[in-house]
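What follows is one structure encoded as structure tokens, with my remarks underneath.
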Amino acid sequence: QLQLVESGGGLVQPGGSLRLSCVASGFTLDHYTIGWFRQAPGKEREAVSCISSREDTPYYTESVKGRFTISQDNAKKSVYLQMNSLKPEDTAVYYCAASRGSVQDLCLRVEPHYWGQGTQVTVSS
């Protein structure tokens, strides 16, 4: 049973920070590219950031550059998304996902093979 489990979401005021975690089981994490996606009510799903041990540079969507940082700990089988300077526009359900392609493929072109259940992030006063 291959699983991705997200945690760390919650309610935060604008300008605040959250760290999302995605814990993988059932496969070797460093063999996969991992991404964070988000979906707000009534909106299309959006790729936020993708990371791969096989590439030097992760991908970030333009709206989160300088505010979000993706990282990976293969020993802990975990991927993290550190979110700083949060804005109300960041409110969404955040999902982690895994595939075997490049970060460009995962974040821009190819549907992931595996999804987590999602964690709610709400940025509001």
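Every number in this text was worked out from the coordinates using simple rules, so none of it is lab data. Predicted, not measured: the structure shown is a model, and the values here were computed from it. Cβ: placed from backbone, ideal geometry, glycine included. Neighbour counts: every protein chain shown.
List of remarks:
- Among Gly42, Gln82, Leu2 - extreme Cα towards positive end, dipole of the chain, charges at beta-carbon: Gln82
- Per-pair calculated FRET efficiency, R0 = 30 Å: Ser125 and Arg100 via Cβ, rounded to 0.05: 0.15
- Fully extended contour minus Cα-Cα distance, from Gln39 to Arg54, at 0.36 nm per residue: 2.7 nm
- Available extension along the chain between Ser17 and Ala75 is 18.4 nm, counting 0.36 nm per residue and deducting the alpha carbon span.
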